[in-house]
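Have a look at the structure below, then the notes.
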Amino acid sequence: MEHNTQEEFDQSESGRVSFDFRGYLFKVLNLWKFIMLSIGTALLVAYFINVRKQNVYKLDTLISVENDQNPFFTANTSISFNWGGVSGKVSKIITAIKTRSHNEKVVDSLQFYKEYLEEGKYRKQDIYNKAPFDFLIDKTKPQLLSSPIGIRFKENNEFEIFTEFEGSRRRAQIYEDKTFETVDVPTGVYTKTYKNGELIDLPFLNGRLVIKPSLRVKPGSEYFVRFLSFDNIVKNYQDRIMIAPFSTSSSVLRLQLAGNNKAKIVDYLNATSEILSKTELERKNLYATNTIKFIDSSLAAVNNSLKDVTDEMNKFRKENKVFDVTEEITQISNQLRDYDLTKEQEKLKLDYLDNLEKYLNTKTDYTEIAAPTSVGIQEANILSSVSKIIALAAERQNLEYTTKEGSNLFKDLDRKIDSEKNVLLETIDATKKTLGIQLSTINRSIANLEAKLSGLPEDQQEYLKIQRKLDISQEAYDVYIEKRSEAAIVKAANISDITVIDEAKDIGGGLIGPNKSLNYMMALMLGFFIPMFLIFVLFLLDNTIHGSDEIEQLSKIPILGLIGKYNYKNNLIVFEKPKSAVAESFRSIRSSLQFLYKKQGKSEGKTLMITSSVSGEGKTFCSINMATVYALSGKKTILLGLDLRKPKIFGDFNIDNDKGIVNYLIGESTFEEVKYTTHIENLDVIPSGPVPPNPSELLMSDQMSIMISQLRKDYDMIVLDTPPLGLVTDALELTQYADATIFMVRLDYTKKGMLALINAKYRAGEVKNISFVLNFYKHKTNHNYGYGYGYGYGYGYGYGVYGNAYHERDNQSSVWKRVKRFLKRL
């Protein structure tokens, strides 16, 4: 038999580690109001978010990247420059769009660091170009940052500037050079009136406000102007703008931008396309621009030389008569002129190569190299190397805006530039040697022809020299003019490789946020799952007993009955409210006990011990009412207050506790002196009496045994109100006198671990004929089944007294306990 009992308890022990899904489900059903409240709160929050959050729009524009050749490009001009093909340009433009320098140009051109605001329902709204005025800022003077400055319009084209400052120093920015400075501002409320177009010269605001003639301003209307940090605005747009190929391997790019104001998005995208196209055209014309600069610098010297030679010829002709030279002399003179022109051209080439070599060895920016064709150099290797070096230098310059110095990309580009530069320097050296040989040959030919003319008269020789110099200067001037015109035509005819296919435009739509449906769905999910999770955590952490099914899982001790809640002024419910459901519950327990007593077959008085695990579980309440229910049934009953540490039962019967069972056990008083007859028929009470220093020893005394034996003869029913079994050992000393024992379990109060103690006592045979009575039963828990007592009734009197004696802190209700009680009431 003991083996079977042990096995049953082992099974009950193992049941504690399993998750009670049904119990969790019932807990959720009990707290449905809390879940619905949570869902409603979440939906309400989502509603306010959707209402208060600004709409977010996304618009786009399409641009095409092509490798257009200049319509005037020929093999002779050689001034057009290919920047690496279409695929190379696409990647460079994608990079350029995200650079800080590009976005600085766009923000500066649109002045997006200046905002026009209007007071809205929830916040100040950015009205951008819908403002009825323009504020023309003075970029050379500081503008107050971040704080909105109010503008209130009056009659007769007048307006009032108003604001309020808490401190005397504020931060401002000068937008011409983008520098910051701290300005002195007036403390407190500030107002000042101006006329339309009047200069505003304040420490924190500088410029002119001009009312738009096309819009009518209502007097009394208020607007605000706010200035923002230039760097922050640039960074904001730099992060937000998106660019990607329209399709795979496509030269068409899609620019996208999201924001709260569609007009601003449209202007920013279109300005981005325009500035990008302009920048690319400037880069495309870089070769021709450098060539024109080089020719212009050389033309000044050639023009001065031509003027000097012309003056020299005019002077010679005035001083000497005009000669008629022979045909042979004219032919020799023409040959000399041709040699001189060729010599001059070769010297120009040599000078260009010397300057180019010096430039390559001393400079690091190779984007300003003039075209070799500007001086007639047609060497393919030189033209190719110069083009590649300029392209690589331009790519490196563009990369500086987005890549940190020291990156592997820079190292790779620098290696390519150095390699191409070394090849170009070797080519220049070889070409200079070739030009030197050609110059030597030309000089010898010139010397031979000049020897043939040495026999002419001196004035004729002088005339021929001057004429040769004049022809050379004129020819050089004509060549430079021709080359400059060629470069100017190429530059003028160049078109940008970037064209707008579909410009940004507000045609309605474009709304991408807030996603109201998603917000409501998220609110619904969070409103449901968060309380479910909280309930789950509380369920896991909750170690109190909530229903009879939990007791059946934790213990094999039978349940004798259920007692419901009932709020009443005292503990005499059975006597004063005999028709209540709680009174009926006690009668049911009496019937069950009667069946138990009959099985024992004893003829003398029966004893009933009532105990519990801790204070506050209804032990005294049950003792008083069980004694009352037996007395009312005609049984001669006595109630013993054996809780010597915390006497209590005397209060409900209007008797004092000066004398009691303690006095009897120590021999100080007789039995009749400590016995009190109550106003309830057939019910006597012996209170505990004064608190003794040795309660356990008194309960173990022989006098106690003698008293119980005598009471069995004199009374039909003896009810023992004992101390809590889980707190003191007094109750264990009294089990020897108990024919039946009731162990009180208060639902939502008694800890599951407390049942382990009584289980151990029961398993060891220290307590016998013990049964559970569930107190504070609530039908709505949905945990209880199989017992039909106490539907929705109960009591609320007399609990918590033991807490003062055994748990001193029980009377201090923590915030967590209050929250738990609130949740339980839902």
Against the conditions (1) surrounded by fewer than 20 Cβ atoms within 10 Å (Cβ to Cβ); (2) out of contact with any helix residue (DSSP H, G or I) (no Cβ under 6 Å at 6 or more places or on another chain), where does Ser696 fall short? Just the number, please.
(2)
Looking only at the stretch 699-713, how many residues end up being surrounded by fewer than 16 Cβ atoms within 10 Å (Cβ to Cβ) and either β-branched (Val, Ile, Thr) or under 22 Å from Ala627 (Cβ atoms) (or both)?
5
Condition first: open to solvent by 10 Å² or more (accessible area, probe 1.4 Å) and either outside any loop (DSSP other than H, G, I, E, B) or touching a His at 6+ places or on another chain (Cβ under 8 Å) (or both). Can you find one or more residues in the stretch 608-615 that meet it?
yes
Pairing a residue in the stretch 517-538 that is in contact (Cβ under 8 Å) with a residue 12 or more places away in the chain with any residue that is of a type in the set (S, T, N, Q), where Cβ atoms lie under 6 Å and the two sit 6 or more apart in sequence or on different chains, gives Asn519/Asn50; Gly527/Ser38; Pro531/Ser38
Residue identified as among the aliphatic types (A, V, I, L, M) and within 60 Å of the chain's Cα centre (by Cα) among Leu554, Leu608:
Leu554
Which one of the conditions (1) among the hydroxyl-bearing types (Ser, Thr, Tyr); (2) crowded, with 24+ Cβ neighbours inside 10 Å; (3) in a helix (DSSP H, G or I) does Tyr597 fail to meet, given that it meets all the rest?
(2)
Looking only at the stretch 714-755, which residues are open to solvent by 40 Å² or more (accessible area, probe 1.4 Å) and either free of Cβ contacts under 8 Å to residues at least 24 places away in the same chain or more than 20 Å from Asp549 (Cα to Cα) (or both)?
Asp714, Asp716, Leu727, Thr729, Leu732, Glu733, Gln736
State yes or no: is Ser580 in contact with a strand residue (DSSP E or B) (Cβ under 8 Å, 6 or more places away or on another chain) and closer than 30 Å to Gly753 by Cα?
no
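Output the residues belonging to the stretch 393-403 that are open to solvent by less than 50 Å² (accessible area, probe 1.4 Å) and within 24 Å of Lys235 (Cβ to Cβ).
Correct list: Arg396, Asn398, Leu399, Thr403.
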Can you tell me which residue in the stretch 367-392 is most open to solvent (accessible area, probe 1.4 Å), limited to those that are free of Cβ contacts under 8 Å to residues at least 40 places away in the same chain and either farther than 26 Å from Leu281 by Cα or under 51 Å from the mean Cα position of the chain (by Cα) (or both)?
Lys388
I need a count of the residues in the stretch 492-541 that are within 21 Å of Tyr24 (Cβ to Cβ) and polar (S, T, N, Q).
0
Check on Gly667, crowded, with 20+ Cβ neighbours inside 10 Å and part of a loop (DSSP other than H, G, I, E, B):
no
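Residues are listed down the side, and each one gets a yes or a no for (1) touching a helix residue (DSSP H, G or I) at 6+ places or on another chain (Cβ under 7 Å); (2) assigned to a loop (DSSP other than H, G, I, E, B); (3) at pLDDT below 85:
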residue	(1), (2), (3)
Ile389	yes, no, yes
Ala393	yes, no, yes
Arg396	yes, no, yes
Lys404	no, yes, yes
Leu413	yes, no, yes
Leu425	yes, no, no
Thr431	yes, no, no
Thr434	no, no, no
Ile437	no, no, no
Verdict on Asp177 being within 37 Å of the chain's Cα centre (by Cα) and either part of a strand (DSSP E or B) or polar (S, T, N, Q) (or both):
no
I need every pair where a residue in the stretch 472-485 that is assigned to a helix (DSSP H, G or I) has its Cβ under 6 Å from the Cβ of a residue that is surrounded by fewer than 16 Cβ atoms within 10 Å (Cβ to Cβ) and modelled with pLDDT under 75, sequence separation at least 6 or different chains.
none
Does Asn657 satisfy the condition of being closer than 28 Å to Ser592 by Cβ, among the polar types (S, T, N, Q) and out of contact with any Ser or Thr (no Cβ under 6 Å at 6 or more places or on another chain)?
no
Every residue from the stretch 135-165 that is among the acidic types (Asp, Glu), more than 19 Å from Pro219 (Cβ to Cβ) and assigned to a strand (DSSP E or B)
Glu164
Among the residues of the stretch 700-728, which ones are part of a loop (DSSP other than H, G, I, E, B) and at pLDDT 90 or above?
Tyr715, Asp716
Qualifying residue in the stretch 120-141 (condition: open to solvent by 70 Å² or more (accessible area, probe 1.4 Å), out of contact with any helix residue (DSSP H, G or I) (no Cβ under 7 Å at 6 or more places or on another chain), closer than 19 Å to Leu209 by Cβ and aliphatic (A, V, I, L, M)):
yes
Among residues belonging to the stretch 101-123 that are basic (Lys, Arg) and within 17 Å of Ile233 (Cβ to Cβ), point out the one that is nearest to the chain's Cα centre (by Cα).
Lys114
May I ask you to verify whether Ser333 is modelled with pLDDT of 75 or more, assigned to a helix (DSSP H, G or I), polar (S, T, N, Q) and crowded, with 16+ Cβ neighbours inside 10 Å?
no
If I filter the stretch 404-449 down to residues being open to solvent by less than 70 Å² (accessible area, probe 1.4 Å) and among the basic types (Lys, Arg), which single residue comes out as farthest from the chain's Cα centre (by Cα)?
Lys432
Would it be correct to say that Ser585 is out of contact with any helix residue (DSSP H, G or I) (no Cβ under 6 Å at 6 or more places or on another chain), among the hydroxyl-bearing types (Ser, Thr, Tyr) and surrounded by fewer than 21 Cβ atoms within 10 Å (Cβ to Cβ)?
no
Filter the stretch 29-49 for residues that are buried (at least 16 other Cβ atoms within 10 Å of the Cβ) and at pLDDT below 90; which is nearest to the chain's Cα centre (by Cα)?
Leu31
For Leu632, only one of the following conditions fails: (1) open to solvent by 10 Å² or more (accessible area, probe 1.4 Å); (2) under 17 Å from Leu699 (Cα atoms). What is its number?
(2)
Taking the condition of being without any contact (Cβ under 8 Å) to a residue 40 or more places away in the chain and of a type in the set (Phe, Trp, Tyr), how many residues in the stretch 661-690 meet it?
2
Open to solvent by less than 10 Å² (accessible area, probe 1.4 Å), out of contact with any helix residue (DSSP H, G or I) (no Cβ under 7 Å at 6 or more places or on another chain) and farther than 30 Å from Gly40 by Cα: does that describe Gly618?
yes
Which residues, taken from the stretch 267-291, are within 18 Å of Tyr352 (Cβ to Cβ) and either outside any helix (DSSP H, G or I) or open to solvent by less than 20 Å² (accessible area, probe 1.4 Å) (or both)?
Tyr287, Ala288, Asn290, Thr291
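The values are calculated or read from the model by the stated rules, or taken from the named source; none is laboratory data. Small disclaimer: the values here were computed from a predicted structure and weren't measured. As a convention, Cβ positions derive from the backbone with ideal geometry for all residues, glycine included, and neighbour counts pool all protein chains shown. Accessible surface areas use protein heavy atoms only, side chains included; no ligands, DNA or RNA. Shrake-Rupley method; radii C 1.70, N 1.55, O 1.52, S 1.80 Å.
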